[in-house]
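Chemist: I have a structure I would like to understand better, so I am pasting it below and will then ask my questions one at a time.
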Amino acid sequence: MPGVPTFRGCDACHKQKKKCDQASPQCARCARLKIPCTGKGQLRYKFKEQCINFAPAKTPRSKSASPKSLSPPASPTNQITRLSSRFAAALEIDDPQFDLKCFGEWFARIPTRMGTNELLDNATETFLDAFDDLRSGHQSLVTLSKHGKALTSLANALQDPKQTKSPYTLCSIFMIMIAQMWASKSAQGYISHMEGICHLLNSTINEPWNDSFAHSLRYHLIIPACIESIINPNITVDGRYLQILKHSVGPYQPLDEEKGQPIESLDLPCLMRFPHFIREPEVHRNEMLRDYARMQIECPFVRRRFTDLTNMIKATRKTQPALVRAQIQMGVAYTIMLSFTLVLNAFLSAMDPTNIKFQEEALYYSQEAIWITRISGRQLPIGAGFMPAALFSAWVATDDSEVIFSIASTMKQYDSYWAEPHYVKQFKMIKERVRELRDRKLADLRASGLQGIDVTDFTTSDGLEYTWGLDPSVVDSAPLHSGHHPRTTISGTGCMREPAHVEYYNWDPSLLR
């Protein structure tokens, strides 16, 4: 619970726990080290650790209780302090499905910014109300009212040129977007808000956001913007960010042994390059081949990290929230890796339709996508499954009936995933482009006198039925609706990899509670 400010020095001295003389324009320490000196005079609050749980409140102690017993903390003195206290308490929740720390380190610093910006305060309040509704399972009219208030504040802020350049506006849009997605149980608002976030990221690229909060916010929002731009043609991240954030990239080392090295395909340069591959695959074919070869090395490396973390969780007697959080994040990383690998595989296979190796690899990576999606479905943060990217990418990459069946049954089996119509439509368009490209290449082969391979037509259906993507002529959907599905195997004699069995890492879910 917040108390009085404990430090008013600059960010650099605060981070290193050094005394700051608060001199202007630079304190003595920052001047000596020749580093930026920001944040002097800023109110920083010290928070007392506390936890919200679902257990009913205990009966208060009687007045005759021992005088040595601890008294309850004093009530907050004003609205901003209460808001900061609520946020700090929400950050302490360890349940993986409600873990707010998954948004990044910048998110945990929001309580210290309360009271500095009206839009941020309103956005935080609607975010916390939506979060409380999400945990309780009941939507409140008060939440809807405060959401409207936050949207009004946002509209006013976007009319002010000064506020549009503030990191607090960018932060507020993100929080309103998440709150709206939780409240509506839909990702439709996510699409438009991400376009707005990308616009602000690009329009403020020259703004000197030098403090650590703004810098971390920028970096953590560019990543989902880059991923969204892969399937949303209305989003393009300014390439100059590679220079601005270059110190956050790499260095890349060989993956022959574990040294905690970053994965190149998950870093900013690759994320910003990937949309161009999808939009002009024939122009970037050589680059795509190079990235695909690298991802084939990175995928098993990231998978090994995930399984190592899983085994560490199984080996611990007491659940460690930080370890569970790391395991979930590594599962997300592997999901993104497989999504990229499968989409590249789909286009490369379309441009080289006689190469049976691509088809065999598509089956293997599709099985991996189903495996990791099923595991992640048990512990995915609430509201994060509106676009099961690995399943969608597997659907783009292969027409194998058993894989398609497993994709659909996974969507049906886990409530954490649902097929948001917009994203189904976008992936259908990508699948259609892959088909057109493959048909054109086959026609060229036949025209040159070479016999190509047969291509199975794509059969899809609109709407939210879990049978989207299924071809009724080759798949019996009765077991799907009964909750049973066949075991998926890799067909083809040239595939050297072992199939991934879903039950291999089927640990006790109670360990994650």
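The values are calculated or read from the model by the stated rules, or taken from the named source; none is laboratory data. Keep in mind it's a predicted model, so treat the numbers as computed, not measured. Ideal geometry is used to build each Cβ from the backbone, glycine not excepted, and the neighbour counts take in all protein chains shown. The protein model used for the area step is the full one, side chains on, heavy atoms only, and it has no ligands, DNA or RNA in it. Shrake-Rupley method; radii C 1.70, N 1.55, O 1.52, S 1.80 Å.
Chemist: For the stretch 345-360, does any single residue satisfy the condition of being of a type in the set (K, R), in a helix (DSSP H, G or I) and buried (at least 16 other Cβ atoms within 10 Å of the Cβ)? Explain how you work it out, then say what you get.
Modeler: Keep residues of the stretch 345-360 that are of a type in the set (K, R), which gives 357.
Checking which are in a helix (DSSP H, G or I) leaves us with 357.
Of the ones still in play, those that are also buried (at least 16 other Cβ atoms within 10 Å of the Cβ) are none.
Checking the stretch 345-360: not a single residue is of a type in the set (K, R), in a helix (DSSP H, G or I) and buried (at least 16 other Cβ atoms within 10 Å of the Cβ).
Chemist: On the basis of being at positive phi and among the small types (G, A, S), does G189 make the cut? Write out each step before concluding.
Modeler: Working: at positive phi: no; among the small types (G, A, S): yes.
Considered against the rule, which asks whether it is at positive phi and among the small types (G, A, S), G189 comes out as no.
Residues are listed down the side, and each one gets a yes or a no for (1) of a type in the set (G, A, S); (2) open to solvent by less than 20 Å² (accessible area, probe 1.4 Å):
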{"site": "P208", "(1), (2)": "no, no"}
{"site": "I227", "(1), (2)": "no, no"}
{"site": "I235", "(1), (2)": "no, yes"}
{"site": "G239", "(1), (2)": "yes, no"}
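Chemist: Kindly establish whether I178 is without any contact (Cβ under 8 Å) to a residue 40 or more places away in the chain, open to solvent by less than 40 Å² (accessible area, probe 1.4 Å) and not basic (K, R). First the steps, then the outcome.
Modeler: Details: without any contact (Cβ under 8 Å) to a residue 40 or more places away in the chain: no; open to solvent by less than 40 Å² (accessible area, probe 1.4 Å): yes; not basic (K, R): yes.
No.
Results for (1) at pLDDT 85 or above; (2) within 25 Å of R303 (Cα to Cα); (3) not aromatic (F, W, Y), shown as yes or no for each residue.
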| site | (1), (2), (3) |
| --- | --- |
| P224 | yes, yes, yes |
| I230 | yes, yes, yes |
| G239 | yes, no, yes |
| L245 | no, no, yes |
| V249 | no, yes, yes |
| Q253 | yes, yes, yes |
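Chemist: Quick check: is even one residue across the stretch 95-102 aromatic (F, W, Y) and modelled with pLDDT under 90?
Modeler: At the first step, the residues of the stretch 95-102 found to be aromatic (F, W, Y) are 98.
Now restrict to residues that are modelled with pLDDT under 90: 98.
Yes, there is a match, as at least one residue in the stretch 95-102 is aromatic (F, W, Y) and modelled with pLDDT under 90.
Chemist: Considering only the stretch 109-135, state which residues are on the phi < 0 side of the Ramachandran plot and out of contact with any Phe, Trp or Tyr (no Cβ under 9 Å at 6 or more places or on another chain).
Modeler: Quick first cut of the stretch 109-135, residues on the phi < 0 side of the Ramachandran plot only: 109-114, 116-135.
Across the stretch 109-135, the qualifying residues are E118, D121, N122, E125, T126, D129, D132.
Chemist: Go through (1) assigned to a loop (DSSP other than H, G, I, E, B); (2) of a type outside the set (D, E, K, R); (3) touching a Phe, Trp or Tyr at 6+ places or on another chain (Cβ under 7 Å) and name the single condition V237 misses.
Modeler: (3)
Chemist: Still on this structure, I have one more. When only residues in the stretch 312-344 that are surrounded by fewer than 17 Cβ atoms within 10 Å (Cβ to Cβ), free of Cβ contacts under 8 Å to residues at least 40 places away in the same chain and assigned to a helix (DSSP H, G or I) count, which is nearest to the chain's Cα centre (by Cα)?
Modeler: A326
Chemist: Still on this structure, please answer the following. Which one is nearest to the chain's Cα centre (by Cα), of the residues in the stretch 75-128 that are among the basic types (K, R) and open to solvent by 60 Å² or more (accessible area, probe 1.4 Å)?
Modeler: Of the residues in the stretch 75-128, the ones among the basic types (K, R) are 82, 86, 101, 109, 113.
From the residues that got through so far, the ones that are open to solvent by 60 Å² or more (accessible area, probe 1.4 Å) too are 82, 86, 101, 109.
Values: R82: 29, R86: 24, K101: 12, R109: 19 Å.
Only one residue fits best here, namely K101.
Chemist: Out of curiosity, is E264 open to solvent by 50 Å² or more (accessible area, probe 1.4 Å) and over 27 Å from P388 (Cα atoms)? Give the derivation first.
Modeler: Working: open to solvent by 50 Å² or more (accessible area, probe 1.4 Å): yes; over 27 Å from P388 (Cα atoms): no.
Considered against the rule, which asks whether it is open to solvent by 50 Å² or more (accessible area, probe 1.4 Å) and over 27 Å from P388 (Cα atoms), E264 comes out as no.
Chemist: So, one more: Of the conditions (1) modelled with pLDDT of 90 or more; (2) open to solvent by 10 Å² or more (accessible area, probe 1.4 Å), L134 satisfies every one except a single condition; which number is it?
Modeler: (1)
Chemist: Cβ-Cβ under 6 Å, sequence separation 6+ or interchain: first residue in the stretch 110-121 and outside any helix (DSSP H, G or I), partner open to solvent by 20 Å² or more (accessible area, probe 1.4 Å). Which pairs?
Modeler: Final answer for the pair search is M114/I80; G115/I80; N117/Y168.
Chemist: Further, regarding this structure: Any idea which of T126, T152, T112 is among the β-branched types (V, I, T) and within 18 Å of K185 (Cβ to Cβ)?
Modeler: Only one candidate qualifies: T126.
Chemist: Can you tell me which condition S64 does not meet? The list is (1) open to solvent by less than 40 Å² (accessible area, probe 1.4 Å); (2) among the hydroxyl-bearing types (S, T, Y); (3) modelled with pLDDT under 85, and all the others hold.
Modeler: (1)
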